[in-house]
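Shown next, in structure tokens, is the structure this report addresses.
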């Protein structure tokens, strides 16, 4: 067999299992080998129930009672009361009804999972379960008690997944190396095959760390390489050369009804210098809400319009697009720069009028949403593109706007919350970056705090104080529905918890 061999060739993988694996994107042996555990349960450090503290824990206990009930369509919760010689604790599982049969055996088990405070009580959430053997109590057994936990594959039990990897272990030595030997040795890394073996079959937590270190380095290395290649390709493109007319720019700045911050001046000067290059700019403007990113974009748009070119400002929502259009109109129209708004709500005759003015060059700055990249939207000379909150747009959407020009237009991405990819590209050179690290006069500073779970009561006291003062608060969760494969808080669970408190 080869790494490209279909998983259906593996013993125990029948038609139904094969279909379920394919639904998770696993078709070949190689696909499965790079399907890595999402976390690990360490059964080597067992604590008594009475000594439990919030976080990842392992307890040795018997099940006193267990039941399963439906909470809504497609969701069942299994609840158990676990006991040891010191105390009792509640455990819950989502969509794992087989736990009820497993725990009714009366045997002792090792439970590993998150000990959290939810629904006004502490409980074990979605713990893994291993039958306790007397040998588990021996110190020498601890080194083999690191158990991988994989993302749930619909239609396949976790044990089936583990059995599959046990059969695939012999193929790990055939995994090809992707990095040069001098890099692997120079960085003190393990080989790729060994890293994947460590992650699927670790003997210790240090092996997990070594495996992750290797694959993380590989990912960053490939990202750096791709960024440098993209930057080389970008440097070959031809863009619009826009003169930096300093007297005109200074006159414009002095006539503004507000003073630019030093950070705004610095960012604007960096961008204007980029526009003089025969190659298209690719720059990220980063700054908190209220730091004046739109004002910087407006200053640049004024210079672009003076050069006879157009600016397109794309925002993710109509509300934000309308706000930008109003701000830029107040800023630029006194200087003869025509600003227009094109969004999905602009229909029929008004829309046709805007499109006609846009292609004729009568509109200098067009602000809009996805409507700016729709078929039929043509520009006279698009020289400068501003994309606000760029993580809300896909790569293809951004590229579609850039392609609506004779030459590649200069691109300025604006964001208050850089997405990881943007941050990576900034660090590794494909994007240049300007940072607005100060607020305009009169703006209230934004205070950011990090609260630990143990300080939750103080956090909610501060929220209650703000609400009592007539203000509002919002809570953002990374999940909408509770997910048995994800320990993160869901909107539904947090809503129920907050409502009950």
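What follows is calculated from the coordinates using simple rules that are stated; it is not laboratory data. Note that this is a predicted model, so its numbers are computed, not measured. Note that each Cβ is placed from the backbone with ideal geometry, even for glycine, and that neighbours are counted across all protein chains shown.
Taking label points 7 Å from Cα along the Cα-to-Cβ direction, residue 345 and residue 256 give a separation of 2.8 nm.
Rounded to the nearest 10 degrees, the inclination of helix 262-275 to the longest alpha-carbon principal axis of the chain is 80 degrees. Note on residue 449/residue 121: beta-carbon distance plugged into 1/(1 + (r/R0)^6) with R0 of 35 Å gives a FRET efficiency of 0.85.
Determine the relative contact order of the chain: mean sequence separation of Cα pairs under 8 Å and six or more apart, normalised by residue count, in whole percent. Value for the chain: 12 percent.
Paramagnetic label reach from residue 360 (point 7 Å along Cα→Cβ; backbone nitrogen cut-off under 19 Å): within the stretch 327-353, residues 336-342, 347-353. The length gained by stretching the chain between residue 231 and residue 375 to full extension, at 0.36 nm per residue less their Cα-Cα distance, is 48.9 nm.
Note on the stretch 259-359: the C-alpha convex hull projects to 7.4 nm² when averaged across all orientations.
Dividing the radius of gyration of the alpha carbons in the stretch 295-348 by their Kirkwood radius gives 0.97 for Rg/Rh. Could you tell me the center-to-center distance, by alpha carbons, between the stretch 447-481 and the stretch 50-71 in angstrom? When both Cα centres are located, 28 Å separates them. The gain in end-to-end length when the residue 193 to residue 65 segment is fully stretched comes to 41.6 nm, 0.36 nm per residue minus the alpha carbon separation. In terms of surrounding Cβ atoms within a 10 Å radius of their Cβ, 17, 68 rank from fewest to most as 68, 17. The stretch 198-260: percent of C-alpha pairs farther apart than 15 Å? Tail of the P(r) past 15 Å holds 74 percent of the pairs.
Beyond 30 Å, the tail of the calculated P(r) for the chain holds 64 percent of the Cα pairs. Relative to a virtual label point 7 Å from the Cα of residue 177 in the Cα→beta-carbon direction, which members of the stretch 189-225 show backbone nitrogen distances below 16 Å? Flagged as within label range: 189-197, 214-215, 218.
DSSP beta bridges confined to the chain are antiparallel in about 50 percent of cases.
Computed over the stretch 246-436, the quotient of the alpha carbon radius of gyration and 2.2 N^0.38 Å is 0.96. Please list, in order, the residues from the stretch 173-191 whose amide nitrogen is less than 15 Å from a point placed 7 Å along the Cα→Cβ vector of residue 9. Correct set: 174-175. Counting neighbouring beta carbons within 10 Å and listing from fewest to most, the residues 223, 408 come out as 223, 408.
With a simple spin-label model that places each label point 7 Å from the Cα along the Cα-to-Cβ direction, the separation between residue 478 and residue 166 comes to 3.2 nm. Each peptide among 314-324, 268-278, 72-82 gets the average number of other Cβ atoms lying within 10 Å of its residues, and from highest to lowest they stand as 314-324, 268-278, 72-82. Taking the square roots of 5 times each eigenvalue of the Cα gyration tensor of the stretch 114-258, largest first, gives ellipsoid semi-axes of 50, 27, 16 Å. A simple spin-label model places the labels of residue 499 and residue 459 2.1 nm from each other, with each point 7 Å out along Cα-to-Cβ.
Could you let me know the centre-to-centre spacing of the stretch 182-243 and the stretch 85-130, using Cα atoms, in angstrom? For the stretch 182-243 versus the stretch 85-130, the Cα centre distance is 39 Å. Size descriptors for the stretch 39-149, from the alpha-carbon set: Rg then Dmax equal 13.7, 46 Å. DSSP beta bridges confined to the stretch 39-149 are antiparallel in about 90 percent of cases.
For residue 2 and residue 220, a Förster radius of 41 Å and the Cβ-Cβ distance give a FRET efficiency of 0.90, rounded to the nearest 0.05.
Listing 413, 204 from fewest to most neighbouring C-beta atoms within 10 Å gives 204, 413.
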